[in-house]
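The block underneath contains the structure these notes are about, expressed in structure tokens.
Read-outs throughout are calculated quantities, based only on the coordinates presented, and are distinct from any laboratory measurement. Remember, predicted model here, so these are calculated numbers, not experimental data. No Cβ is skipped: glycine too gets one built from the backbone with ideal geometry, and neighbour counts run over all protein chains shown.
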Amino acid sequence: MFEITVCPVCAGKVRKIKEDWVSEFKGEKYVVPDLEYYICDECGEPVYPHEALKKIEAFSPAYQLAEPV
Ligand SMILES: [Zn+2]
């Protein structure tokens with residue numbers, strides 16, 4: 001797997017996080033369990049690797065609505 005080590009925003013050091021990732025779509029909360037992503041130690045910017053984005057897509061109601069019928 002492709003490892004991210006540097007923040008794309010400020011080139012600071014990022015650290016890997018694994019946690020239940022909570023977000024909101026149209027006022028409704030949803031959780032992506034055990035999501036692995038990175039947070040920049042310098043600017044706090046979250047960095048989502050491809051795998052994380054795929055996982056968010058799988059759980060997000062926004063993407064489910066966007067699916068073709
Ligand atoms: Zn940064």
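Label-to-label distance, GLU51 versus SER23, with points set 7 angstrom from Cα along the beta-carbon direction: 1.8 nm. The Cβ shell under 14 Å around LYS54 holds other residues with a net charge of -3, Lys and Arg each +1, Asp and Glu each -1. GNM on the chain, C-alpha springs below 10 Å: top fluctuator among GLY12, GLY44, GLY27? Most flexible of the set in this elastic network: GLY27.
Any lysines with Cα under 16 Å of the LYS54 Cα? List them, leaving off those in the same chain fewer than 8 positions away. Once the sequence-local lysines are set aside, what remains near LYS54 is LYS18.
Electrostatic bookkeeping for LYS18 treats Lys and Arg as +1 and Asp and Glu as -1; over the other residues with beta carbon under 10 Å from its beta carbon, the sum is -3.
Working from Cα positions, state the angle (0 to 90°, nearest 10) between the long axis of helix 50-59 and the longest principal axis of the chain. Result, in degrees: 30. Summing Lys and Arg as +1 and Asp and Glu as -1 over all other residues whose Cβ lies under 12 Å from the Cβ of VAL31 gives a net charge of -3.
Working note: 222 nm ellipticity from helices only, DSSP H runs with n ≥ 4, each -39,500 (n - 2.57), summed and divided by the residues of the chain, gives -6000 deg cm²/dmol to the nearest 500. Loop-located trypsin sites (Lys or Arg not before Pro) across the range 9-47 with a Cβ neighbour count of 15 or fewer within 10 Å are LYS26, with loop assigned by DSSP. Between the beta carbons of ALA58 and LYS16, assuming R0 = 22 Å, the FRET efficiency works out to 0.65 to the nearest 0.05.
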